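The values are calculated or read from the model by the stated rules, or taken from the named source; none is laboratory data. Remember, it's a predicted structure, so these values are computed and weren't measured experimentally. Heads up, the Cβs are rebuilt from the backbone with ideal geometry, glycines too, and the neighbour counts pull from every protein chain shown. What goes into the accessible areas is simple: the full protein's heavy atoms, side chains included, and nothing from ligands, DNA or RNA. Shrake-Rupley method; radii C 1.70, N 1.55, O 1.52, S 1.80 Å.
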Amino acid sequence: MLGAETVTNDKSVQSVRGMNDLLPGQVESWQRVEGALREVSRRYGYREIRTPVVERTELFLRSIGEQTDIVEKEMYTFTDNNGESLTLRPEATASCVRAGNEHGLLYNQTQRLWYVGPMFRHERPQKGRYRQFHQFGVEALGWAGPDIEAEIITLGERLWRSLGIQGLSLQINTLGSVTGRGKYRDALRAYLSRHVDALDSDSQRRLERNPLRILDSKDSGTQAVLVEAPSLSDFLEEAEQEEFDRLQQLLTAVDIRFSINPRLVRGLDYYTGFVFEWTTDQLGAQSAICAGGRYDGLSEQLGGHPVPAAGFACGLERLIELLTLQDEETPIQSPGVYLAAFGEVAELDAAQCAERLRDSSIDVQMNCGQGNIKKQLRRADNSGAAIALIVDKETAGTSMVKVKPLRGQGDQTMVSTEELLATVQTYLQKPD
Ligand code: HAM
């Protein structure tokens, strides 16, 4: 039941911190990006999947890892009326694998999937970091080799190109096999244990259970200790090194520039093998635009059979922020035609006229709420329409309509309803 306080509080209700409204005028850039990512995904043969925003908490504990920031501090977890622990998804890779297994999509089949949608992490909000944010992701399920890894990177790069985004840098690394990584983890732990006092407190806490995560600590003291630390590349088996080399050849063949960052580890535990990140230096601290890698063990971790897999997710808020920094503005949605009507008979004629034009795919905004000519023409101008059509006492009941260009395309004229569509089309095609 609602408390009395909730009912009587007269402060206006605000949105949740870190969760943003996207208003008309902003949504246009989103639609442009969504159009581009749909098209690029289709170009590579990826098909859309939509999974629920709420999942069982267990899904994320078993995939992202219990020792990660996301699971330790950032999940929106609640108990529902049945006493079940549920979580607003902080990412969608685990959901894709769960759905693939649950619906038998991964038995003797491969799947190229993509998704877009809101994710939730209870992080400290700042520019580029939100509590509800949106990801576009692709997940390629069922392929083991570097060819698919090169493909997903190429797909991402084509998306940047199709949006005109420049200046992103690609870093890649390989985490090796589970065995090799186990040996490396022991060596790293042994080394870091000798310098434990110089590590930041988060790193000290991670030393026992997850020392690899210490590699991407931002603390300068920890960074200094890491300079002399053993390198993951020394623990790669020959076949792993060969695969990583092959990935590099494939990227070079399609002119994708990259650098190898042996310290690149990811904030989620499910990665095995290659990992990557696209970053920008134009957005301050939140520089990662897109990140991903291989996660061959995830299907089994979630109770399915082994499925090799690789994918990435891209933060749309950051991508759109970059787009607005780099690009001329995306046009704001406006109608082609504003229909003004004066008087009761005129309103009936105008309503019919508007429907006829819409039948012919013309965007028409009707004047609602009446008003004198000055007011209606001001609204017409504010709507962004190219022309106003006016039905007034003079033309109502005749088969004539007045056409008033609003963007400097000549004087007002009068046309018959038969000629109207052709006249409107001519105006809408003319440049300003
Ligand atoms: P992630 O690195 O956690 O990976 O997130 C991917 C991207 O989502 C980040 O690079 C960033 O652009 C964006 N992002 C993350 N957190 C926030 C936030 N709080 N506010 C705004 N943007 C954010 C994953 O989520 C993996 N599922 C990626 C993946 C897919 N790996 C394999 N397949």
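Between E157, E317, E300, where does the largest GNM mean-square fluctuation fall for the chain, given springs only between Cα atoms within less than 10 Å?
Highest fluctuation among the options: E300.
When Lys and Arg each count +1 and Asp and Glu each count -1, what net charge do the other residues less than 13 Å away from D255, Cβ to Cβ, add up to? Spell out each step's value before the answer.
Values: positive: R158, R161, R257; negative: E157.
Charge balance in the 13 Å sphere: +2.
Restricting things to alpha carbons, tell me how big the stretch 337-429 is in terms of Rg and Dmax, in Å.
11.7, 32
With a cut-off of at most 12 other beta carbons within 10 Å, and DSSP calling the residue loop, which trypsin sites (Lys or Arg not before Pro) in the stretch 227-320 qualify? Please list them.
Working: sites: R246, R257, R263, R266, R294, R318; in loops: R257, R263, R266.
Here the sparse-neighbourhood loop sites are R257.
Using square roots of five times the C-alpha gyration tensor eigenvalues, list the equivalent-ellipsoid semi-axes of the stretch 299-349 in whole Å, biggest first. Kindly include the intermediate steps, with their values, before the conclusion.
Working: eigenvalues 552, 100, 11 Å².
They are 53, 22, 7 Å, listed largest first.
Need one value: the accessible area of D245 in square angstrom, 1.4 angstrom probe, rounded to the nearest 10.
70
Going out from 0 in 10 Å bins, what whole percent of all Cα-Cα distances in the stretch 58-179 drops into each bin?
The distribution over the stretch 58-179 is 10, 31, 39, 17, 3, given as percents.
Counting only protein heavy atoms and using a 1.4 Å probe, what share of the accessible area of the chain belongs to carbon plus sulfur, as a whole percent?
48
Before I look further, what does the stretch 337-429 give for accessible area per residue, probe 1.4 Å, in whole square angstrom?
About 54 Å² of surface per residue is accessible.
Please compute the net charge surrounding F312, taking Lys and Arg as +1 and Asp and Glu as -1 over other residues with Cβ under 12 Å from its Cβ.
Working: positive: R266, R294; negative: E91, E139, E149, E151, E157, E277.
Spelling it out: positives minus negatives among the neighbours equals -4.
Using a probe radius of 1.4 Å on heavy atoms only, what accessible surface per residue do you get for the stretch 217-315? Whole Å² is fine.
Each residue of the stretch 217-315 exposes 45 Å² on average to a 1.4 Å probe.
Give the relative contact order (percent, whole number) for the stretch 337-429; include only Cα pairs under 8 Å separated by 6+ residues.
Value for the stretch 337-429: 29 percent.
Which percentage, to the nearest 5, of the DSSP beta bridges contained in the stretch 337-429 is antiparallel?
50
Find the accessible area per residue for the stretch 84-186; the probe is 1.4 Å, ligands and nucleic acids are left out, and the unit is Å².
Per-residue accessible area for the stretch 84-186 comes out at 37 Å².
For K73, what accessible area in Å² do you get when you roll a 1.4 Å probe over the heavy atoms of the protein chains, rounding to the nearest 10?
K73 exposes around 110 Å² with every protein chain in place.
Using a Cα distance threshold of under 27 Å, what count of lysine pairs results for the chain when pairs must be 8 or more residues apart or interchain?
Taking the chain as the scope, the lysine pair count is 17.
With a 1.4 Å probe and all protein chains kept in place, how much accessible area does T51 have, in Å² rounded to the nearest 10?
So the heavy atoms of T51 present about 30 Å² to solvent.
I need the shape label for the stretch 32-108. Rule: rounded when a/c is under 1.5, else prolate if a/b > b/c, else oblate, with a, b, c from the alpha carbon gyration tensor.
Working: a/c = 2.13, a/b = 1.69, b/c = 1.26.
Prolate is the answer for the stretch 32-108, as a/c is 1.5 or above and a/b outweighs b/c.
In whole Hz and in residue order, list the ³J(HN,Hα) couplings for the stretch 16-24 that follow from phi through the Karplus curve 6.51 cos²θ - 1.76 cosθ + 1.60, θ = phi - 60°; x for Gly and Pro.
6, 4, x, 10, 9, 7, 10, 8, x
Compute the orientation-averaged projected area for the chain from the convex hull of its Cα atoms and round it to one decimal in nm².
Hull-based average projected area comes out at 29.1 nm².
In whole angstrom, note down how far apart the Cα centers of the stretch 260-293 and the stretch 106-147 are.
After rounding, the separation between the Cα centres reads 13 Å.
Which semi-axis lengths, in whole Å and largest first, follow from the square roots of five times the eigenvalues of the Cα gyration tensor of the stretch 214-372?
Ellipsoid semi-axes (Å, largest first): 56, 21, 16.
Where q = 0.13, 0.24 Å⁻¹, what log10 of I(q)/I(0) comes from the Debye formula for the stretch 172-234, counting one point per Cα?
Per q value, in the given order, log10 I(q)/I(0) is -0.30, -1.01.
Within 12 Å, Cβ to Cβ, of K127, how many net charges do the neighbouring residues add up to if Lys/Arg are +1 and Asp/Glu are -1?
Counting the neighbours of K127, the net charge comes to +1.
Quick one: grab the alpha carbon gyration tensor of the stretch 144-209, order the square roots of its eigenvalues as a ≥ b ≥ c, and give me rounded if a/c is under 1.5, else prolate or oblate depending on whether a/b is larger than b/c.
Taking the square roots of the gyration eigenvalues as a ≥ b ≥ c, the stretch 144-209 is oblate.
Counting each DSSP H run of 4 or more residues in the chain as -39500 (n - 2.57), what helix-only mean residue ellipticity at 222 nm follows after dividing by all residues, to the nearest 500 deg cm²/dmol?
-11500 deg cm²/dmol
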